[in-house]
Amino acid sequence: MKKETKQILEKMFLDNQGLEICRNEIIEAYETILGCYKKNGTVLVCGNGGSAADSEHIVGELMKGFLKQRNISEKHKKIIGDENLSNYLQGALPAISLVSQSSVLTAYINDVKPDMVYAQLVYGYRNPNNILIGITTSGNSRNIINAIKVAKAFKMKTIGFTGQGGGALSSLCDNMLRMPAIETYRVQELQLPVYHVLCAMVESEMFDEE
């Protein structure tokens, strides 16, 4: 881990001292996400309600510059061959929010089985180099659990974001991020600095300052 990356992590704990209890879990999740990108994988994210919004937020931080500008490589600039285009592109960490695919989501919910909708999308994106992040404050959302099970069946690493207890997800995920809170709104408030620091740490490792 780079010095810069460690500093990002320690600043987060300084600003959010109640999350120190999650230190090991955060580092493990960071290593899982970084490993995915080192293997040219894609991060899939899903959740419900406020957690669906968090899924979109995470993808937004990964797919463009977050704390860094992320200039694209000279190799890619040559491939594009148009300076006006390449100057406005930023390095991307491939990520897909499963909650944003409204046509397939609504079709599957209507035609098949609502609590299998994310599982179907995970099956479609199955790749052992990909990972799935499932966000459920209770840890018991059936559609998230089903998606995690399918991901694991196809050898994908899995990360669960939950509240203090962890729920059913605790026995399923490779990495668990259990926020030290029970109330849904508090769990969601604590998740924000955690997924921000994960995105910032991975960005720090994958992109050098230009």
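Read-outs throughout are calculated quantities, based only on the coordinates presented, and are distinct from any laboratory measurement. Everything numeric in this text was worked out from a predicted model, so none of it was measured. Cβ: placed from backbone, ideal geometry, glycine included. Neighbour counts: every protein chain shown.
Would you please calculate the Kirkwood hydrodynamic radius of segment 6-77 over all C-alpha pairs and express it in Å, rounded to one decimal? Kindly include the intermediate steps, with their values, before the conclusion.
Details: mean 1/r = 0.0687 Å⁻¹.
It is 14.6 Å.
What does the charge add up to near E10, with Lys and Arg as +1, Asp and Glu as -1, over the other residues with Cβ less than 12 Å from its Cβ?
Working: positive: K3, K6, K11, R23; negative: E4, D15, E20.
Neighbourhood net charge equals +1.
Given DSSP loops and a limit of at most 16 other Cβ atoms within 10 Å, what is the longest stretch of the chain that contains no such trypsin sites (Lys or Arg not before Pro)? Walk me through the numbers on the way to the answer.
Working: sites that count: K2, K39, K64, R126, K155.
For trypsin sites (Lys or Arg not before Pro) (loop position, at most 16 other Cβ atoms within 10 Å), the longest site-free span of the chain is 65-125.
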Given a 10 angstrom Cα cut-off, can you work out which residue in E28, E189, E74 is the most mobile in a GNM of the chain? E74
Give the residues of segment 161-177 whose amide nitrogen is closer than 19 Å to a point set 7 Å from the Cα of N140 in the direction of its Cβ. 161-173, 177
